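What follows is a single structure, written as structure tokens, with notes after it.
The values are calculated or read from the model by the stated rules, or taken from the named source; none is laboratory data. As the structure is a prediction and not an experimental result, all values here were calculated from the model. With ideal geometry, Cβ positions are generated from the backbone for all residues, glycine too; neighbour counts draw on all protein chains shown.
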């Protein structure tokens, strides 16, 4: 019936969650390090980034744009947000990104960046 088992999805999902944690922690501390001195840096795991990039690629191939955009916004990946929007050629996704950024993004600098980049596409 299925080509995969539910546990086959668990590891990639955990990798995506861990990548998002690392991205947000690192970026939060980078932005505050200007005022607070030395902050601990999280080691950037290229393996996790590779899993996330494959997920983006698969979502693009399967035309699952909203899923890819949700992860890209949550992981603070402006490059991925822009690539997905350009490749989808679906103007309604601009509304999705704006709504997602305004409702779910608490980090003001990142929210502003998302909105500014989106404005350039409009």
Practice task
Enumerate the helices (runs of 4 or more DSSP H) found wholly within region 60-122, keeping only those where 1 or more residues are surrounded by 16 or more Cβ atoms within 10 Å (Cβ to Cβ) and either touching a strand residue (DSSP E or B) at 6+ places or on another chain (Cβ under 9 Å) or at pLDDT 90 or above (or both).
Solution key: 65-74, 78-88, 92-104
Completion exercise
Of the conditions (1) buried (at least 16 other Cβ atoms within 10 Å of the Cβ); (2) at pLDDT 90 or above, the single one that residue 53 does not satisfy is (1)
Practice task
Name, by its number, the condition in (1) more than 26 Å from residue 99 (Cβ to Cβ); (2) at pLDDT below 85 that does not hold for residue 27.
Solution key: (1)
Handout entry: Any hit, region 60-77, residues being within 14 Å of residue 24 (Cβ to Cβ), in contact (Cβ under 8 Å) with a residue 40 or more places away in the chain and more than 11 Å from the chain's Cα centre (by Cα)
Key = no
